[in-house]
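The structure appears right after this line, and notes come after that.
The values are calculated or read from the model by the stated rules, or taken from the named source; none is laboratory data. If you're wondering where the values come from, they're calculated on a predicted model, not measured in any experiment. Cβ coordinates were reconstructed from backbone atoms using ideal geometry, including for glycine residues, and neighbour counts include every protein chain displayed. Protein only, heavy atoms only, side chains kept; ligands, DNA and RNA dropped before computing areas. Shrake-Rupley method; radii C 1.70, N 1.55, O 1.52, S 1.80 Å.
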Amino acid sequence: MTDDASRDETDATARDRDTEPETPPQPQPARHGFWWRVREYTMVVAIAIALSFLVKTFLVQPFWIPSGSMEQTLITGDRIVVNKLPGSNDDLQRGDIVVFEDPNGWLPPVPESEGVGGAAKRALQFVGLYPAGEQHLVKRVIGVGGDHVVCCDDRGRITVNGAAIDETYLSPGVQPSAVPFDVRVPDGRLWVMGDNRSNSEDSRAHDGRSGGSEGSVPTSVVTGKVWAVVWPIGRFGTPPDGRAVFSQVPSR
């Protein structure tokens, strides 16, 4: 009796289940329609631009080398990236290669590109997707605030705080400077020179007779230190360390 009752109850439950109305299938969103794809691609592009902007602002920024003033360390057309990590400019030292904004009319005015192409280029530079360079300069730090920098000793070498430096990053035969100078670098400023000394409009060319106050560059306009050459691929790598050249310079 018990088994028959259980079977009857099970059969009744099954019949009830069979008679329940079926839920109609719910329509699925059209995930492969034209506007869905447009929305998807727009989101991807927006995220890429936002990430690029954040990278350019806080991590690294691309630049291109427009002249030969740093040859052969950096040559015309090189694409470089500059370290912009927070605090990286708090440790600027002699021998560093830095990118900085034009401090006071060092560069001639660059006519703005017109039309859609010019606007697109400026927009891409702003977000970090196109290398900047027209109104920036790249030079090597020779003296920091308080340094006494002189050219030249009896062997034609630059001295910093009385110590002669052998500039191994210069190409063979390059004279440290054909222009004599004797400057005291003000605090918060840098004395900068290109490695291609005969073809570099650097601190020497803009100092006049100020003794270092006009030709030096405020640290506030420094974008960052050159981290690496990234293009062309055959030149990929970090520039040789220039700080070692100044290791024997005494404290100021």
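Listing for the model above:
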quantity: Residue check, GLU101 under 30 Å from GLY173 (Cβ atoms), at pLDDT 70 or above and not hydroxyl-bearing (Ser, Thr, Tyr); calculated: no
quantity: Qualifying residue in region 165-174 (condition: under 23 Å from GLU214 (Cα atoms) and open to solvent by less than 50 Å² (accessible area, probe 1.4 Å)); calculated: no
quantity: Check on ARG204, surrounded by 15 or more Cβ atoms within 10 Å (Cβ to Cβ) and either part of a strand (DSSP E or B) or more than 24 Å from the chain's Cα centre (by Cα) (or both); calculated: yes
quantity: Test result for SER213, in a loop (DSSP other than H, G, I, E, B) and either under 20 Å from ILE65 (Cα atoms) or more than 28 Å from the chain's Cα centre (by Cα) (or both); calculated: no
quantity: Subset of region 181-201 [open to solvent by less than 40 Å² (accessible area, probe 1.4 Å), touching a Phe, Trp or Tyr at 6+ places or on another chain (Cβ under 9 Å) and part of a loop (DSSP other than H, G, I, E, B)]; calculated: VAL185, ASP195
quantity: Residues (surrounded by fewer than 15 Cβ atoms within 10 Å (Cβ to Cβ) and over 16 Å from ARG140 (Cβ atoms)) located in region 215-251; calculated: PRO218, SER220, PRO232, ILE233, GLY234, PHE236, GLY237, GLN248, PRO250, SER251
quantity: Near pairs, Cβ below 6 angstrom, 6+ apart or cross-chain, from region 62-75 (open to solvent by 10 Å² or more (accessible area, probe 1.4 Å)) to any residue that is modelled with pLDDT under 85; calculated: PRO62/PRO131; TRP64/PRO131; TRP64/GLY133; PRO66/GLY133
